[in-house]
Amino acid sequence: MTVRIAIQREDFNLAEEYEWLRQISPAVGAVVTFSGLVRDFESTDGARNAIDSLSLQHYPGMTESLLQEIVDQAMQRWPLLGVTVIHRVGKLLPAEQIVFVGVASQHRAAAFEAAQCVMDYLKTRATFWKKVDQNGREHWVESKDSDQVARQRWAADD
């Protein structure tokens, strides 16, 4: 099993990340990737409010450890050959890439489920703090109930 976890300011290359997962082993039969982008709006109280930027902070050391725990749980649950998790920090603009989750497995079902599980746990357990800038006014982003609900589907095996 090959794992790569990175927290970085610089952007990542989707094609290179996919190719790395694809080349892990001749046994790879499926690669599932997810790339999250910074939206140009924030939904609050049913309204769509435009944003200028999103700034992300993390707790060095602790965040990497939590990401490793999330990946370890996925590896215990599914027969995976490789996992990559990349999360960017710093100031990001709308449409910029913010997160990458990639999973390689022999079969598609395991790859799809593991990728979704890793992303759901990442949204609820990893120590990232988000601050939105809207017309020069900044505020911290609260966690969403929908993220907690998404994570609950995997909770039976916690």
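The values are calculated or read from the model by the stated rules, or taken from the named source; none is laboratory data. Treat the numbers as computed from the prediction; the structure is a model and nothing was measured. A quick note on method: Cβ atoms are made from the backbone with ideal geometry, for glycine too, and the neighbour counts reach across all protein chains shown.
Quick look at the values:
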quantity	calculated
Enumerated strands (runs of 3 or more DSSP E) restricted to region 18-88, each holding at least 2 residues that are in contact (Cβ under 8 Å) with a residue 24 or more places away in the chain, polar (S, T, N, Q) and touching a helix residue (DSSP H, G or I) at 6+ places or on another chain (Cβ under 8 Å)	30-37
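Yes/no per residue for (1) within 26 Å of Lys91 (Cα to Cα); (2) at pLDDT below 85; (3) under 18 Å from the mean Cα position of the chain (by Cα):
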| site | (1), (2), (3) |
| --- | --- |
| Arg108 | no, no, no |
| Ala111 | no, no, yes |
| Ala115 | yes, no, yes |
| Thr127 | yes, no, yes |
| Asn135 | yes, no, no |
| Asp147 | yes, yes, yes |
| Arg153 | no, yes, yes |
| Asp157 | no, yes, no |
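Rundown of residues vs (1) farther than 19 Å from Val31 by Cα; (2) surrounded by fewer than 17 Cβ atoms within 10 Å (Cβ to Cβ), yes/no style:
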{"residue": "Asp52", "(1), (2)": "yes, yes"}
{"residue": "Pro79", "(1), (2)": "no, yes"}
{"residue": "Val89", "(1), (2)": "yes, no"}
{"residue": "Phe100", "(1), (2)": "no, no"}
{"residue": "Val118", "(1), (2)": "no, no"}
{"residue": "Trp129", "(1), (2)": "yes, yes"}
{"residue": "Val132", "(1), (2)": "yes, no"}
